[in-house]
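One structure below.
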Amino acid sequence: MSESSIKEESSDRFDYWWNIRGEAVEPPNERRGGQSGVELVELEGQALYCKRQQGHLYRSLRYPLGRPTVLREVQVIPAFRQLEIPVPDIHFSGARYRDGKWQGVLITQALSGYVNLGEWYAADRPRDQVVDDQVLRQLAANLARLHRSRWQHGCLYPKHVFVKAGATEVSVALLDLEKSRRRITSLAAARHDLRQLHRHWGQIPFNQWEILINHYLTLVPDRRRQAICSDGLSSTGG
């Protein structure tokens, strides 16, 4: 296949996903003159999430003029998977510069059987503290591995933590990784994410936060544990 036909095929695929429409998952995020939105698309029996962006950029030393944040997310997903952190599978991704603005698309497969952490605790069912504890242990382990490698999620809200509980095991996945990046130190990554999750804990019972943070503190070095406790994120100190 010639280079021109490859580009044409790629352009056709981008156009297809750029123009497809589904059910809006949440209101579009608008910032700095750009827009990013996510829709749920049902296609041939598959549930897919379509993240569509225009002028929604991140900037770095390498890209001072900016690039679509979906391109950063495409790089982060395999890095998280290498750390054995469940993340969505990429179905399609692409970006182009058109009419003076960047456009970006990321299509991921929906995580079947998962609900976000807020929905998990809001569910109208008898609470099983053993299962809840397994969920929090798994989340703590995922975050400890993430931070040990100096990765920061960057947008760690309960709605971006997804939970699935089976008969014998639980799985905790992380979503919406477009703000994820490496930090200079593990402590910087940990402080940002844990402070953010603490602020947005919302209606989840606060004793569950204490269980989560204490599980996390058993998995990190003393120096990081002391710094996190000094931030007031744990009332018991692990």
* Would you check which residues across segment 106-125 are free of Cβ contacts under 8 Å to residues at least 60 places away in the same chain, more than 22 Å from His200 (Cβ to Cβ) and surrounded by 15 or more Cβ atoms within 10 Å (Cβ to Cβ) and list them? => Leu106
* Filtered residue count, segment 170-204, keeping only those that are closer than 23 Å to Gly232 by Cβ, among the small types (Gly, Ala, Ser) and buried (at least 18 other Cβ atoms within 10 Å of the Cβ) -> 3
* For segment 1-55, which fully contained strands (runs of 3 or more DSSP E) count at least 1 residues that are in the same structural domain as Ala95 (by TED's automatic domain parsing), at pLDDT 85 or above and not aromatic (Phe, Trp, Tyr)? -> 34-43, 46-54
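For segment 158-169, how many residues meet the condition of being buried (at least 18 other Cβ atoms within 10 Å of the Cβ) and not small (Gly, Ala, Ser)?
Initial filter on segment 158-169 (buried (at least 18 other Cβ atoms within 10 Å of the Cβ)): 158, 160-163, 165.
Then keep just the ones that are not small (Gly, Ala, Ser); that gives 158, 160-163.
Adding up the residues that qualify gives 5.
The values are calculated or read from the model by the stated rules, or taken from the named source; none is laboratory data. Being a predicted model, the structure only gives us computed values, none of them experimental. Counting neighbours? That spans all protein chains shown, and the Cβs are built from the backbone with ideal geometry, glycine included.
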